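The values are calculated or read from the model by the stated rules, or taken from the named source; none is laboratory data. Keep in mind that this is a model prediction, so the values were computed, not measured. Cβ atoms come from the backbone with ideal geometry, glycine included; neighbour counts cover every protein chain shown. SASA here: full protein model, heavy atoms, side chains in, ligands and nucleic acids out. Shrake-Rupley method; radii C 1.70, N 1.55, O 1.52, S 1.80 Å.
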Amino acid sequence: MEQFSDDELDHAAEEDSDKEDQDLDKMFGAWLGELDKLTKSLDDGRPEKVKKAPLRQESNMANMAYRFSVYNINEALNQGDAVDLDALMADLCSIEQELSTISKPSSASSHLGLTGDAKVRQKPPAGRSHSTKVGSSNSRPPLASNFSMDDITAQLEKASQSMDEAARQSSTSFRSVGTVTEHEVRSFVHSSRSSINSASASSMDSLDIEKPKSDTDGLQDGQDQPSSEVNNVISYYPTCWMDFFSLSLKQLRDLFEGYMQHEEQAAKQKAEKIRVALEKIKEAQVKKLVIRVHLSDESSKTVMVDERQTVRQVLDSLLDKSHCGYSLDWSLVEIISELQMERIFEDHENLVENLLNWTRDSTNRLMFIERIEKYALFKNPQNYLLGRKETCEMADRNKEALLEECFCGSSISVPEMEGVLWLKDDGKKSWKKRYFLLRASGIYYVPKGKAKASRDLVCFLQLDHVNVYLGQDYRSKYKAPTDYCMVLKHPQIQKKSQYIKYLCCDDVRTLHQWVNGIRIAKYGKLLYLNYQEAMRRTEAAHDWSSLSSSSIKSGSSSSSLPESQSNHSSQSDSGVSETTSSGHVRSQSVVSSIFSEAWKRGSQGNLSHNKDHLGDCGTLPMFTVPRYITC
Amino acid sequence: MAAWDLTVTVEDLGPDAPPLQISVTSDLHIGGVILKLVEQTNLKRDWSDHALWWEQKQQWLLRTGWTLDKCGVHADARLIFTPQHKPLRLGLPNGATLKMRACFSSPVFRTVMGICRVLNLRHPEELSLLRPVEEKKKKKDKDSSEELYDLTDVPLTAGSVQALYNGMPAHFADSPKTEAVYKMLSVSLPSPAPEAIAKLYRPASIVDKTHIHTRWLDSSRSLMQQGIQENDKLGLRFKYYTFHDMDPKYDAVRLTQLYEQARWAILLEDIDCTEEEMMLFGALQYHIGKQSLSQDMVSSCQGMDDLESALKSLEVKMVGDGNSTDMLDNMTAPELNDHLKIFRPKRLTLKGYKQYWCKFQETSISYYKSKEDRYGEPIQQLNLKGCEVAPDVNVAGQKFCIKLLIPAPEGMNEIYLRCENEKQYSQWMAACKLASKGLTLLDSSYQSEVQNIQTFLSMQRSSSAAPTSQTDESINTHSLVSPRYQKKYKPKQLTPRILEAYQNIAQLSLTSAILKFLQIWQALPDFGISYFMVRFKGSRKDEVLGIANNRLIRIDLGVGDVVKTWRYSNMRQWNVNWDIRQVAIEFDGNINIAFGCVNADCKVVHEYIGGYIFMSTRARQQSDTLNEELFHKLTGGHEAL
């Protein structure tokens, strides 16, 4: 891990001396903002005023990301575990690989035809892009440049104004735009291999620089750690690319001297490359977080998360790595210890966005754990959608029909939830009974002395801005009448506040009906799509494992025997529905059989939720065969 | 075989002409009778649409191959020779009345199909005809003066594929008159005057709601058989609340009419909703009305949008700040700078606004003690991303406040911004709105957002004037809500509420606004339930049976509570005993229920249940052909057999 090549460190050092006290992120942001605009106009194929590019202020988010990742590392160290640096390194390498595949020039026919003003403007980034090409072009003949180099120069000047000294000089010496020298090729291959290291090194340096500006208590802690490995891990991609680009700008000067000719075709190729390069730059702009995920056995994992990743994607990669069997129930759970509440992240949510709501000194934890509640709604919809008071069984076929009816219509039908719940008084430890109703437009209650006619209902809250959490042990914390509490709050609220609403149900069943009802009202069909997606993944894993043991398949077919005939229902002709609605039906039946057992077990103790479940992992049939599909 | 005289009235000879006597034998087939008849009239014209109607038996003699004997026609029969297609006055869901030709001889189901084909409404199986509410006779003469759209000249086409011409089905493009009809059908009508809403019949209780459903015509019999005469008025409505395969591309008329039906259901309190929902419905109606008026201009193609937004954002840049050249040089995003009054409510403090110099940049507001301090550190910077923005406006009182609820780890920060005037308010409000979604002033929607807010404010200004229906930009908010809320709130109180809801939907296009309206309507708990007064077997009191697209609901009449729900998915079979007019249903688990209908014909109930089951059989895959036979099998009862 400490294999900085001399070469790398040199670059980093050079960088720093040039940078002085400038805010790296801001600079980089500005520069990328411009590049963004360029890409856009390139894609659109029409000229656009480059000047329009707004200053992109990234510093805020960037700082948060730092804080966050450092915090996690700290925690890890405080706990005394060794950070899983190998895993992290693997992550970094895979990202690196990803980047280098993108950089390979795709042969897609270019719609850009290098004739317009816009293309000329693209030149400067072209120069830069070459440093990122994987040596495909060093044999190309030199080309004469017919373009207005002044224009290019002007543009590049603009773009690199905020860059280091060397880059500025280079812009004046542009005379042609062209291909890559062998030296350059080598240097790229090299740098792509080791850019991570250089980045980590330099990012540490840049952290030092930023310290006075950003709020960096946590950072300092991080730096005080004796372990150099830790420092190594903290990497922030934009910074890394920053190095990279300033480096390449310097080299551009040398490069461009050598080319005098220009041809249409080459120009086209170049335009394509420009595009590719710009994509790559965009990619570099993506934020990544190093996060710590806790497992049920008190151990933890450190993983890197891309800001674009959904919870589902993170779950998939965690499942791949942890070899803990593929099950629908694996969840990422946010535990807000200060407020004693938790929430299962929905699969479609963006993980980084959610984690950025945590405060710097937060004691929140992210758990990777099996939670039967996550998709219980879809395994046994009859218990949630029909507003029944007691649990019951239902034929798989009818479950499908019910789900189809609820989630696939032209609108979402929110389950009719209503009943008496306890509401905690603001700021007091007393709870009052109220009659609540759930509607698609929010949660309402019946005012005193009124009937429950729609027109008289009072809006308790609308669901757009709040999430639903499960409260833990509120009987002792808040003197709740029962332990079955749910909490509604804005995800950004992390401390006690009058804006957090606490509700308490009489029994666990009611609690989960309400929670799921609220989820449906809030997310609607998305939930179902999440479930189907999760099913597809699970099924793929099962298909694979069933090559060795066919028991699963046969189990499913036997349990999906028709149980009741309803003459007139749409599903009555099972043969037809099987064939027409293809994948969904199939996955359904497989699931319901595989999970019916698990659910049965779950529904008995179901929902003595929370900590009791922590040690629960592994109770489901395990398939240690890794997922073979790739998406 | 002996010949005898058959008496036939030929309508085309005039009302006073005596019936014709033709000599026939019992083995003469109907076609032969018609031929003789036509020869005797000596009129040269197209008789192809004419058929024989047997008055006493109230039935058509449509099988030309059958003999008189087989039909049971004897000398005492009085037959009428009359066209099968006659003009009918149709009350459309939007309240307009359209005169058009409809088939009086085929089952209503098919008649509706024909009507829908002319109107360019897909999925006619979801609609049906119903008798109008019995109005007091006095009002009748007033009725005749109402504007009548006329489509009687439009020939009924057989083909189902409609050629488009000028963006409308070809048969509408014939004349300006028919074009106007198409516009009426496909563009929602302006909001009615509040008085007009108040005057219309509203169901006051669930019992009243059961009366509506007694008026449906029988789908398996013809109009003539049900006593409908030429030029009678009937209502055309969506009957089954499952809207299959809604596609804005093909369903302009269908969407508009469905929206109109939903709108009226809400305005007339046919379906209950909460106050919050009503405000949102009001805001959507306002938005849809406004968009419909300017629809002609919006019809630019998709490609133009990109360019437009690009131009717009350029425009924003140029206009956004006074010194645009300076700004371009600095390459900064546009910002707002102004004096605003800020108030942060805390416990135990009186309301007091203090003036600050505020700067809106990116998605944040920074405020400074004074303009001179603007280069220093701000007193506070508020990032509005993810915050809640609500207006607190009273035009008459010149109060333009923006209420911000900004989430923070410690809870929500509540902050009020007070603007001086409408212009300032609309700019800052629009900026706050965009920022809460993470968008900056650069976003192309900024300018339109500002405009939307301004027009809405102007509406409040004009609301004190005489109440009129929606003309251009002025509207009385009372016409957007049901009479209950008209009574509860003055327009002045209502407007800010609707404005608040409007903030969230102002960016929707016309179609998405209509779809949104329908979506919220469909999400109401009572949506799609048709009520019938019934008496269950073994019970002594009247109860209400609600029929929805997936379930039957037994409702206690006294309390209005749901007693029991049965789902169709559990239904094994249902039967109707036509002699005692009782419906019997068997569900899984040996559950049997039986009931008779108190005020409606049990055929209507039977048809509703069968109809919903038919609707659920419609395959997911596209298919233009409607399985008419199955429909009749499921809904027809004994007549179909």
Q: Using 0.36 nm per residue of separation minus the Cα-Cα distance, give me the extension gain between B:S458 and B:Q398 in nm, one decimal.
A: 20.4 nm
Q) Are any of the pairs A:K374/A:K399; A:K428/A:K450; A:K287/A:K321; B:K403/B:K488; A:K321/A:K522; B:K290/B:K487 more than 29 Å apart by Cα-Cα distance, and if so, which? A) A:K321/A:K522
**Q.** In nm, spacing of pseudo-spin labels at B:N590 and A:S322 (7 Å Cα→C-beta vector)
**A.** 4.9
Q. Given R₀ = 41 Å, FRET efficiency for A:A451-B:A196 by Cβ-Cβ distance, to 0.05?
A. 0.90
Q. Where the centroid of each part is defined by its Cα atoms, how far is region B:369-413 from region B:70-119 in Å?
A. 64
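Could the peptides B:606-617, B:281-292 be put in order, highest first, of the mean number of other beta-carbon atoms found within 10 Å of their residues?
Working: B:606-617: 22.0, B:281-292: 23.7.
In descending order of packing, they fall as B:281-292, B:606-617.
If you keep only loop residues by DSSP, which GluC sites (Glu not before Pro) in region B:357-450 have at most 14 other Cβ atoms within 10 Å of their Cβ?
B:E410, B:E420
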Q) At A:R475 and A:K429, where each label point lies 7 Å from the Cα along Cα→Cβ, what is the point-to-point distance in nanometres? A) 1.5
(Q) I'd like the Karplus ³J(HN,Hα) series for region B:575-590: coefficients 6.51, -1.76, 1.60, θ = phi - 60°, whole numbers in Hz, and an x wherever there's a Gly or Pro. (A) 10, 10, 8, 6, 6, 9, 6, 10, 9, 10, 10, 10, 10, 3, x, 6
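For the ranges A:300-311, B:484-495, B:21-32, what's the packing order if you count other beta-carbon atoms within 10 Å of each residue, average per peptide, and put the highest first?
Details: A:300-311: 19.7, B:484-495: 17.7, B:21-32: 15.7.
Ranking the peptides A:300-311, B:484-495, B:21-32 by packing returns A:300-311, B:484-495, B:21-32.
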Q. Could you give me the ³J(HN,Hα) list for region B:385-391, computed from phi with Karplus coefficients 6.51, -1.76, 1.60 and θ = phi - 60°, whole Hz, x at Gly and Pro?
A. 4, x, 8, 9, 10, 9, x
Q: Mind jotting down a quarter of the surface of the convex hull over the alpha carbons of region A:420-545, in square nanometres, one decimal?
A: 9.9
Q: Pop the C-beta distance of B:N337 and B:Q519 into the FRET formula with R0 = 41 Å and round what comes out to the nearest 0.05.
A: 0.55
Q: Only loop residues by DSSP count here, and only those with at most 14 other Cβ atoms within 10 Å; note down the GluC sites (Glu not before Pro) in region B:32-137 that meet that.
A: B:E55, B:E134, B:E135
Q) So how much accessible surface do B and A hide from each other in total, probe 1.4 Å, in square angstrom to the nearest 100? A) 4200
Q: Report, to two decimal places, the Cα Rg of region B:536-640 normalised by 2.2 N^0.38 Å (N = number of residues).
A: 1.14
Q: Let me know the volume per residue of the alpha-carbon convex hull for region A:356-398, in Å³.
A: 145
**Q.** Extension gain from B:K99 to B:V133, taking 0.36 nm per residue of separation minus the Cα-Cα distance
**A.** 10.4 nm
(Q) Based only on Cα atoms, what mean projected area does the convex hull of region A:351-485 have, in nm²? (A) 11.7
Q. Stretch A:D361-A:V458 to full length: gain in nm at 0.36 nm per residue minus the Cα-Cα span?
A. 31.1 nm
**Q.** Efficiency of FRET between B:K57 and B:K36 - r from beta-carbon atoms, R0 22 angstrom, step 0.05
**A.** 0.55
**Q.** Two-site label geometry, A:C392 and B:A204: point separation in nm, points 7 Å out along Cα→Cβ
**A.** 3.9
